[in-house]
Amino acid sequence: MSISIRKALESDAPALSRICLLTADAGSSAESLHDYGELPGLVYAVPYVKLPTTWGFVLVDDSKEEVVGYILGSKDTRAYEEYAGQHWWPSLVEKYPPSMAVKPADERYMKLLRNMHVASEANMAFAAAHLHIDILPEYQKQGWGRKLIATAIEYLKGEQVEGNGVWLGLDPRNTGAREFYKRLGFKDIEGAPDGNMGLKF
């Protein structure tokens with residue numbers, strides 16, 4: 001199996017959306033939870049190849065020419081939130097009224113679009129940059145998550161991000177992911193909501 005890492009491109013958006021859905025239920029597939037399977041990706045993946053301040057890398061199975069994982073983020077979370085609030089969420093709010101939803105997960109995302117969470121002050125005091133990482137289950141536990149994070153850190157070091165670190169938010173139910181991040185040196189951020197972990201460079 002030949003696997004490589006390259007910079008994420010806007011043309012990767014459909015693959016990012018699919019991976020996000022297949023890992024959106026605390027690391028497991030959320031396909032059965034959604035009629036609108038694009039919603040998780042529209043929040044947690046696709047904007048990171050479309051909006052300013054963002055960066056990303058993808059894991060590619062070269063034998064299939066298929067994107068099978070990603071690490072995405074913003075160098076300046078507050079600027080990202082502000083831009084998305086003006087230019088990304090409004091059109092999605094219009095497109096996805098909660099009255100359309102039948103399944104609770106769809107309704108939850110449609111309501112989230114109307115009241116998008118923002119980073120806590122504790123997160124921002126830790127560092128300006130944040131990330132999201134997801135890898136398809138069949139490519140997990142082979143060292144690729146560690147390599148994606150190492151690639152991202154090398155990139156962010158060169159960007160001289162405020163706070164000299166990066167943080168992420170994870171579903172507290174995903175205990176396996178929490179242990180993985182701890183092994184890489186991520187620590188819980190004091191004063192931040194449960195599931196927020198950070199790493200200083």
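The values are calculated or read from the model by the stated rules, or taken from the named source; none is laboratory data. All values derive from a computational prediction rather than experimental measurement. As a convention, Cβ positions derive from the backbone with ideal geometry for all residues, glycine included, and neighbour counts pool all protein chains shown. Please note that ligands, DNA and RNA were not included when accessible areas were found on the heavy atoms of the full protein model with its side chains. Shrake-Rupley method; radii C 1.70, N 1.55, O 1.52, S 1.80 Å.
Take the stretch 4-14 and flag every residue that is open to solvent by less than 30 Å² (accessible area, probe 1.4 Å) and either in contact (Cβ under 8 Å) with a residue 40 or more places away in the chain or in a strand (DSSP E or B) (or both). Full working, then the answer.
If we filter the stretch 4-14 for residues that are open to solvent by less than 30 Å² (accessible area, probe 1.4 Å), which is where we start, we get 8, 12-13.
Scanning the stretch 4-14 gives Ala8, Asp12.
Tell me which residues, restricted to the stretch 175-201, are polar (S, T, N, Q) and either within 15 Å of Gln140 (Cα to Cα) or surrounded by fewer than 20 Cβ atoms within 10 Å (Cβ to Cβ) (or both).
From the stretch 175-201, those polar (S, T, N, Q) are 175, 196; that's our starting set.
Listed by number, the list holds a single entry, Thr175.
With Leu72, Leu39, Leu113 as the choices, which residue is aliphatic (A, V, I, L, M), in contact with a Gly (Cβ under 6 Å, 6 or more places away or on another chain) and buried (at least 20 other Cβ atoms within 10 Å of the Cβ)?
Numbers: Leu39 fails: in contact with a Gly (Cβ under 6 Å, 6 or more places away or on another chain); Leu113 fails: in contact with a Gly (Cβ under 6 Å, 6 or more places away or on another chain).
It is Leu72.
Any idea how many residues of the stretch 79-88 are part of a helix (DSSP H, G or I) and either touching a Lys or Arg at 6+ places or on another chain (Cβ under 8 Å) or farther than 13 Å from Arg114 by Cα (or both)? Step through it out loud before you land on a result.
Quick first cut of the stretch 79-88, residues part of a helix (DSSP H, G or I) only: 79-87.
Retained after the next criterion (residues that are either touching a Lys or Arg at 6+ places or on another chain (Cβ under 8 Å) or farther than 13 Å from Arg114 by Cα (or both)): 79-83, 87.
Selection size over the stretch 79-88: 6.
In the stretch 152-174, how many are open to solvent by 90 Å² or more (accessible area, probe 1.4 Å) and either of a type in the set (A, V, I, L, M, F, W, C) or over 21 Å from Leu59 (Cβ atoms) (or both)?
So in the stretch 152-174, the residues open to solvent by 90 Å² or more (accessible area, probe 1.4 Å) come out as 154, 157, 160, 162, 173.
From what's left, either of a type in the set (A, V, I, L, M, F, W, C) or over 21 Å from Leu59 (Cβ atoms) (or both): 160, 162, 173.
Residues that pass the stated criteria total 3.
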